[in-house]
Amino acid sequence: MRSLLLAAAQNRWLREHASRYWFVRGTVSRFMPGETFDAALSAAEALRSKRIGTVFTHLGENVKDSAEAQQVTEHYLEVLRRIKESGLQAEISVKLTQLGLDLSPDLCFEHLKAIVERAPKDSIVWVDMEASNYVDATLDLYRRALTAHPNVGICLQAYLHRTKDDLAKLLPLRPSIRLVKGAYDEPPEIAFARKQDVDESYFELGKQMLRAKKENRCVRAAFGTHDVALMRRLADFAAAEGFGKKDFEVQMLYGIQRAEQERLASEGCTSIVLVAYGSYWYPWFVRRLAERPANLWFMVRNVFAA
Ligand SMILES: Cc1cc2nc3c(=O)[nH]c(=O)nc-3n(C[C@H](O)[C@H](O)[C@H](O)COP(=O)(O)OP(=O)(O)OC[C@H]3O[C@@H](n4cnc5c(N)ncnc54)[C@H](O)[C@@H]3O)c2cc1C
């Protein structure tokens, strides 16, 4: 089912037609507050009242020309201005293919640099990790950006066999890392296939990130997961290493495990929600279905809920 859904995420016909169906749109609204940045901003205000921080991401990937990449860059510069104006403690997360990585790594780097230079120095601009064929290029650009600007962070995927080495090579640069399990359909030569193996890889990498943070070799160690059991294991490890609650950072997606997001915040942990918005939501949304096929039932219920 997961592979089928991840294949559907790449299907152009479905992408163009799915958004016309009200029951699909109804299900999407569970995972994003709306298509506009204003809707995302309102959601962030509501989260702030619960002491939950926000990371904004404008949905989109693989732009077709440099004008589109420039437009995305300008959009993020405007978002940074709006964040400052609102007084929110919010950050952004960008996809390099949306900033023109397929067109030219140098052009993409210029766009990333413009965004990172505009962002406050005490916050992080997060770089998403995409499918495995982009990992080398993403890490290259991340290293270039980090060398000049400490306020940039990278997402690493625990399902990839290579991530252990990638993490070891990044730590001497004092990175900020958001660890996730990984959302794409990767073959077993590249990624662990069994959930149990992915979870163990996540736990081992998470421990290394926390040790590195303790030794001041990692600026932010953020756990991008909704897996409560895994979070608890890492929280116990962090406590045993002497970390305060505030230093334990979890990032989750809007609409998923809301009670857990609030519980972490009320206990004093750093609880952050990634709020996505934009009209190009189809592949992102189908990846959310693939993570939990039970979400399909939620969509089926929407069909009959009219
Ligand atoms: C802040 C953030 C940023 C991310 N950035 C990236 C990225 O840059 N690159 C990338 O490849 N992936 C990214 N991901 C997605 C990630 O790789 C996983 O696909 C996703 O988080 C599901 O894995 P999990 O860790 O929650 O664990 P799972 O084992 O998949 O889920 C654990 C439990 O969480 C709940 N859950 C998980 N997903 C859903 C869902 N969609 N709907 C409802 N309940 C759910 C279920 O209760 C499930 O049992 C990101 C995730 C987060 C939270």
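Assorted remarks:
- Scanning region 257-297 for residues that are farther than 17 Å from Asp128 by Cβ, surrounded by fewer than 20 Cβ atoms within 10 Å (Cβ to Cβ) and within 10 Å of the ligand (Cβ to nearest atom) turns up Gln257, Glu260, Arg292, Pro293, Ala294, Asn295.
- Hits in region 149-186 (condition: surrounded by 20 or more Cβ atoms within 10 Å (Cβ to Cβ), more than 14 Å from the ligand (Cβ to nearest atom) and within 19 Å of Thr225 (Cβ to Cβ)): Leu167, Pro175
- The single condition among (1) among the basic types (Lys, Arg); (2) away from the ligand (no atom under 16 Å from the Cβ); (3) modelled with pLDDT under 95 that Arg30 does not satisfy is (2).
- Filter result for Ser29 (over 17 Å from the mean Cα position of the chain (by Cα) and closer than 27 Å to Val250 by Cα): yes
- Residue match in region 230-249 (condition: open to solvent by less than 10 Å² (accessible area, probe 1.4 Å), out of contact with any strand residue (DSSP E or B) (no Cβ under 7 Å at 6 or more places or on another chain) and closer than 23 Å to Pro175 by Cα): yes
- Taken together, Leu41, Leu47, Leu14, Leu6 contain a single residue that is in contact with an Asp or Glu (Cβ under 6 Å, 6 or more places away or on another chain) and more than 28 Å from Asp106 (Cα to Cα), which is Leu6.
- Residue check, Leu234 more than 8 Å from the ligand (Cβ to nearest atom) and either within 19 Å of Ser176 (Cβ to Cβ) or part of a loop (DSSP other than H, G, I, E, B) (or both): yes
- Considering each residue of region 194-208 in turn, at least one proves to be part of a loop (DSSP other than H, G, I, E, B), open to solvent by 10 Å² or more (accessible area, probe 1.4 Å) and free of Cβ contacts under 8 Å to residues at least 60 places away in the same chain.
- Conditions (1) touching a helix residue (DSSP H, G or I) at 6+ places or on another chain (Cβ under 9 Å); (2) part of a helix (DSSP H, G or I): number failed by Arg51: (2)
Residue-by-condition table, conditions (1) more than 16 Å from Val55 (Cβ to Cβ); (2) assigned to a loop (DSSP other than H, G, I, E, B); (3) within 13 Å of the chain's Cα centre (by Cα):
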residue	(1), (2), (3)
Leu101	yes, yes, no
Ile115	no, no, no
Asp122	no, yes, no
Asp136	yes, no, no
Arg144	yes, no, no
Pro150	yes, yes, no
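The values are calculated or read from the model by the stated rules, or taken from the named source; none is laboratory data. The structure displayed is predicted, hence computed values, not measured ones. Every residue, glycine as well, gets a Cβ built from its backbone with ideal geometry; the counts of neighbours run over all protein chains shown. All accessible areas refer to the heavy atoms of the entire protein, side chains included, with ligands and DNA or RNA removed. Shrake-Rupley method; radii C 1.70, N 1.55, O 1.52, S 1.80 Å.
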